[in-house]
Amino acid sequence: MAGKKKILVVEDHSEIRRLLVFFLKQMGYDAIEAATGMAGLAQASTTLPDLITMDLGLPDIRGVEVTARLKADPATKHIPVIVITAYYGDEQLLESVVAAGACEVLYKPVSLRVLEDSLRRYLAAESHEEPLQQSN
Ligand code: CA
């Protein structure tokens, strides 16, 4: 089990959350979930996941704020946050998300291939897969 990366899914829509968790597990990751911003913050600080996927429209505090709080906390600021949102084309929102410290923004519906590529990019340093070959 060594090297299995843990991903925290912050998403209030239960169907989407369940699907994301399902696919992340299929991809070989360990997935945990939170349905609210506050739960996400609590989960992040107690479990210290390797990466967080963040919905923006949450029932309590918005994903932008959750991201900003994660990035302001020395314990969690190193964790990459990938925002997954349906708010396509909102430049101001995009700017605030980037300013909050998110490393990437993906738009719903997210293709699994795009998601997997993105996850690999941020988890590449210690991939759960053995490298096929190493060349020097
Ligand atoms: Ca939502």
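Computed quantities for the displayed model
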read-out	value
Selected residue (only one of Tyr107, Tyr87 is open to solvent by 40 Å² or more (accessible area, probe 1.4 Å), modelled with pLDDT under 95, touching a helix residue (DSSP H, G or I) at 6+ places or on another chain (Cβ under 6 Å) and within 16 Å of the ligand (Cβ to nearest atom))	Tyr87
Flag for Leu70 being surrounded by 14 or more Cβ atoms within 10 Å (Cβ to Cβ) and touching a residue at least 12 places away in the same chain (Cβ under 8 Å)	yes
Any chance Ala31 is among the small types (Gly, Ala, Ser) and more than 20 Å from Arg121 (Cα to Cα)	no
Selection count where residues are among the aromatic types (Phe, Trp, Tyr) and either under 13 Å from Glu116 (Cβ atoms) or within 16 Å of the ligand (Cβ to nearest atom) (or both), scope the range 1-26	1
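The values are calculated or read from the model by the stated rules, or taken from the named source; none is laboratory data. The shown structure was predicted, so the numbers you read here are calculated from the model rather than taken from an experiment. Note that each Cβ is placed from the backbone with ideal geometry, even for glycine, and that neighbours are counted across all protein chains shown. These accessible areas exclude ligands, DNA and RNA; they are computed on the full protein's heavy atoms, side chains included. Shrake-Rupley method; radii C 1.70, N 1.55, O 1.52, S 1.80 Å.
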